[in-house]
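Working notes for the structure below.
Every number here is computed from the coordinates shown, using simple stated rules; none is lab data. Worth saying up front: this structure is predicted, and the values here are computed from it rather than measured. Cβ atoms come from the backbone with ideal geometry, glycine included; neighbour counts cover every protein chain shown.
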Amino acid sequence: MPFAVAFDTPSRREYNGGMKTKTSITLSEDVVKAMDKLSGQDKDRSEFIELALRNYIAQLIRKERNARDLEIINQCADRLNEEALDVLAYQVVW
């Protein structure tokens, strides 16, 4: 499923002060305990969940991009391999 919307990946270190949407989610108790333990003193669950989702979405976008790149490479593989063999044929044996 391609991501058609623009998305600010976590690598962008600037603050995104855009509008927020309030939502409600249900999480397993063990997930909440782990989140609380890992989030540190501030205990801002919304910020923790947003960062986790941003990282996961960025990972999905990278995976999709890598799959497209691999498809392009595979489509050109025969021609690229022929070129590589041609170049190797010109190398001098020591």
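Working note: Cα atoms of segment 29-89, range along each principal axis, descending, whole Å: 63, 19, 18.
Quickly rank 47-56, 19-28, 81-90 as a protection proxy: mean count of other C-beta atoms within 10 Å, highest first. Mind showing how you got there, number by number?
Values: 47-56: 13.2, 19-28: 6.4, 81-90: 8.9.
Per-residue Cβ counts within 10 Å, averaged per peptide and sorted highest first, yield 47-56, 81-90, 19-28.
Between Leu38 and Ala67, the simple label model (points 7 Å from Cα in the Cβ direction) yields a spacing of 2.4 nm. Note that segment 62-79 has calculated 3J(HN,Hα) couplings of 4, 4, 5, 5, 4, 5, 5, 4, 4, 4, 5, 4, 5, 5, 9, 4, 4, 5 Hz, one per residue in order, obtained from phi through the Karplus relation 6.51 cos²θ - 1.76 cosθ + 1.60 (θ = phi - 60°); glycine and proline are x.
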